[in-house]
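Below you'll find the structure, written out as structure tokens, and then a few comments.
Computed from the coordinates by the stated procedures, all read-outs in this text should not be read as laboratory data. Since the structure is predicted, the reported quantities are computational estimates derived from the model, not experimental observations. Glycine also receives a Cβ, built like all others from the backbone with ideal geometry; neighbour counts cover every protein chain displayed.
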Amino acid sequence: MKKIYVVMVLLSLVFCNAAQSASAEERWSFTALADPRSDYKTFGRALEEVRNRDALGNTAPSKFILVCGDYDPLSKKIEIYDQVFADAVQRPAFLPVIGNHDLSSSDFTQAAAIVRNLENVTRRDDMLNYYVDYKNVRIIAVNAYDEYGNDLGQDGNTGCLTVKGIEWIESVISSADQADHIFIGMHEPSFPRMRHVSDSFNACQEERDAFWEMLVSHGDKVKAVFVGHTHQYYRMRVKDPAGADADNPLIYPDQEGGIYQVDCGACGNGRRDTLINIEISGKDVFFRVIDAEGGTAQGEFSIIDEWEIRAEEY
């Protein structure tokens, strides 16, 4: 009898360790940032933080770095990227999102070439409208500018989507049968705060509201929209885009049943340098925001905000 008990205990330990191992393998991260622009030293320092995870501690390594616009000049950024992530096998994939300062022919062409070489990518076109699937996640990158014949962006420089753009995003969301989590990367916020408060996607209110209402209708899968442009980190959760709080520059709504808009701030072009870590653990998502004093001060990164979305919430 004692032998049987010992065997059962050993088997229990084996299964427990196997379950823990599977759980550990399931955890992975990606990073979102924005607006590094021409501050090369700060961008390199931020990438080193992503690589080393000093402030984040025991989080899974990032598989992707989603750069939500204004990475010009791109060639220099990729040079720094490859230097920091010298091991090509372990290097996170660089996911470019077009910003209003990335529309030069050289930056646009290089970004399109990067996307063509990505793994697990589906491109709508060569206009930087694409999505990447990894495990149970789909990351959608959207170009909301009409230069070079992009039909998903409106005339002007406000980062407004066309009706066709909204329809394309919804079709990509609806087709993501394998995905538990969908994230969208754009440059200009739908609900800007502090800067660009009247000339971002909210300048096209009808399309903005239609876009956000569409996202809310897919709230079981869409977890967050990552943006940049303002150079300031903030987050909000919006369910009613036409409500008074959505466009009140002094309010950061947290509406149950809404979708998170996360402004990644700046990573070299602002007073603070900000990184958003998104860790996926099965059907749960954990967000951690780290930042450091920017410019010449360049303090150490530390966690300034964190929240989570658990499976039981949707």
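A few notes on this one:
- Amide H partners (placed H, <5 Å) of Thr162, local residues excluded: Gly153, Gln154
- The H on the amide N of Tyr130, modeled in the peptide plane, is under 5 Å from the matching H of Arg124, Ala141, each at least 5 residues off or on a different chain.
- Put simply, when 302-309, 267-274 are sorted by average Cβ atoms within 10 angstrom per residue, most first, you get 267-274, 302-309.
- DSSP bridge pairs, the chain: antiparallel proportion in percent, nearest 5: 60
- Modelled spin labels at Ile304 and Ile251, positioned 7 Å past Cα toward Cβ, are 2.4 nm from each other.
- Across segment 206-217, rounded Karplus estimates of 3J(HN,Hα) from the backbone phi angles (6.51 cos²θ - 1.76 cosθ + 1.60, θ = phi - 60°) give 4, 5, 4, 5, 5, 4, 6, 4, 4, 4, 4, 5 Hz, Gly and Pro being marked x.
- Whole-Å distance, taken between Cα centres, linking segment 214-293 and segment 146-201: 14
- Using a cut-off of 19 Å between Cα atoms, the listed pairs Lys221/Lys283; Lys41/Lys77; Lys135/Lys283; Lys164/Lys283 include Lys164/Lys283 as exceeding that distance.
- Using alpha carbons only: equivalent-ellipsoid semi-axes of segment 28-313, gyration tensor based, whole Å: 25, 21, 20
- Placing +1 on the Cβ of every Lys and Arg and -1 on the Cβ of every Asp and Glu, with nothing else charged, gives the chain a dipole about its Cα centre of roughly 1260 debye.
- Filtered GluC sites (Glu not before Pro), segment 92-181: DSSP coil and at most 10 other beta carbons within 10 Å: Glu119
- Computed packing ranks the peptides 41-47, 260-266 as 260-266, 41-47, most packed first, by mean other Cβ atoms within 10 Å.
- Peptides 52-63, 197-208 ordered by packing proxy, namely the average of other Cβ atoms within 10 Å per residue, highest first: 197-208, 52-63.
- Among Leu118, Leu250, Leu74: highest mean-square fluctuation, GNM of the chain, C-alpha pairs under 10 Å: Leu250
- Lys/Arg +1, Asp/Glu -1 at C-beta; segment 28-313 dipole; positive extreme among Val197, Gly57, Val89: Val89
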